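Presented below is the structure to which this report refers.
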Amino acid sequence: MKTSLFLISMLLPVLSYCQNVDSISMHKKFITTAPLLGGVTVSNVVSPVDVNGSTFTMQQPIVDIGIPLYKDFSAAHPIFIKTGIRYQGLFLSNEHNIGSDEFHSITIPLLANYSLSSITSISFVGLATIGSDFNRSITAGDILYTAGIRIGFRPSQSFKYGITLAYTSNYSGKFLLPIPDIDWAISNKLSLTGVIPVRASLKYKLSEIQSLGITAAVNGSMYRLNEGEEQQYIHLQQNSAGLIYDLKLARRWKLNVIAGHTFMQKLQTFNIDQKVPFDGLTKLNDRKPNISYRQNSFIFQSGISYDF
């Protein structure tokens, strides 16, 4: 279960695209103004890790840009196509064993959404990622990719859910994963969103511009490590829970802050040949790390987003 959680967590950016456009199938019925379908989100995650009396810091800056390419809401079956770009970094301060201390990834996502009816939509999703310390030239083997298909349902304005069947290829192998998601306005004050079982947030609206809640998430990333003669990759896993605060600064601007603690955290390096077969998802735990940090830590995240 833990291994599949990590793999699903790498798909969260694309799955959030799918959830956001489910409302297209209800466009004529509920939306009277043009929805904001693009946006920019800038965030940063900081984790101070204590190891044998000393502390090193993991910092993960993220810039996520969504760009609508095509939309037709006037047709009997609305169509929407969206792309974008996502940058994610991993910066290690005061860590002396891994060799490289700066890692970067660039992801290009693509979403095509087609409304089958007023309550049902189908989405084709995909992403291609390059993740590395960029100390050597990028090769075809450094491209990680995912392709999937999602069926979404929106039986009411307050409730939507879906399931994605995703095929992903990364440094650890190739996998096929089913991924359910939910977005539920329980009441005028209370809401629940999540990609089950790797992310869930329960929020209470304090006012028209503020909400407070609890959140749990599984985050993960992989990067090529070009250090020494051995070809390696670095693998970060963070399972965390904490408090989340949202502040709507204006119609298009929103601030987000999370403070929590990890209950499972691994920063490990592996030789690049440590892959598992297509049907060997449970064998991911059999990989032998070269360097392994397993200490938990506090985790802090702040971000600001602008919709257009």
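Once the chain from L249 to F159 is taken as fully extended at 0.36 nm per residue, the excess over their C-alpha distance is 29.9 nm. Applying 1/(1 + (r/R0)^6) with R0 = 41 Å to the Cβ-Cβ distance of Q231 and V40, what FRET efficiency is obtained, to the nearest 0.05? After rounding to 0.05, the efficiency reads 0.70. Solvent-free Debye calculation, one equal scatterer per alpha-carbon of segment 98-221: log10 I(q)/I(0) at 0.12, 0.20 Å⁻¹ equals -0.64, -1.17.
Residues whose amide H comes within less than 5 Å of that of E227, counting only those at least five positions distant or on another chain, are Q232 (H built at 1.01 Å from N in the peptide plane). Of interest is the spacing of the C-alpha centroids, which for segment 172-243 and segment 106-137 amounts to 17 Å.
Mean residue ellipticity, 222 nm, helices only, the chain: the sum of -39500 (n - 2.57) across DSSP H runs of n ≥ 4, divided by residue count and rounded to 500, is -1500 deg cm²/dmol.
The residue among S221, S187, I130 whose Cα reaches farthest toward the positive pole of the charge dipole of the chain, with charges on the beta-carbon of Lys, Arg, Asp and Glu, is S187. Along its first, second and third principal axes, ordered by size, segment 198-284 spans 55, 27, 23 Å in Cα coordinates.
In the context of the full set of protein chains, the chain has a per residue accessible area of 48 Å² (1.4 Å probe).
Compactness ratio for segment 166-247: Cα radius of gyration over 2.2 N^0.38 Å (N = residue count) comes to 1.52.
Give the residue from I163, Y293, Q237 lying farthest towards the positive end of the charge dipole for segment 162-308; charges sit on Cβ (+1 for Lys and Arg, -1 for Asp and Glu) and the dipole is referred to the Cα centre. My answer, from the dipole projection, is I163.
Taking only protein heavy atoms and a 1.4 Å probe, the accessible area of segment 143-251 is 62% carbon and sulfur.
Using the Cβ-Cβ distance between V51 and D273 with R0 set to 22 Å, the FRET efficiency works out to roughly 0.20.
Relative to the current alpha-carbon distance between L192 and S302, full extension at 0.36 nm per residue lengthens the span by 37.6 nm. Overall, the chain carries a charge dipole of about 1100 debye about its Cα centre when +1 sits on the Cβ of Lys and Arg and -1 on the Cβ of Asp and Glu, all other atoms neutral. Checked against a 32 Å cut-off, the cross-linked pairs K160/K248; K82/K288; K71/K275 give Cα-Cα distances beyond that limit for K82/K288; K71/K275.
The values are calculated or read from the model by the stated rules, or taken from the named source; none is laboratory data. It should be emphasised that the depicted structure is a prediction, and the values quoted were computed from it without experimental measurement. So basically every Cβ, Gly included, is an ideal-geometry build from the backbone, and we count neighbours across all protein chains shown. The area values use the complete protein model at the heavy-atom level, side chains included, leaving out ligands, DNA and RNA. Shrake-Rupley method; radii C 1.70, N 1.55, O 1.52, S 1.80 Å.
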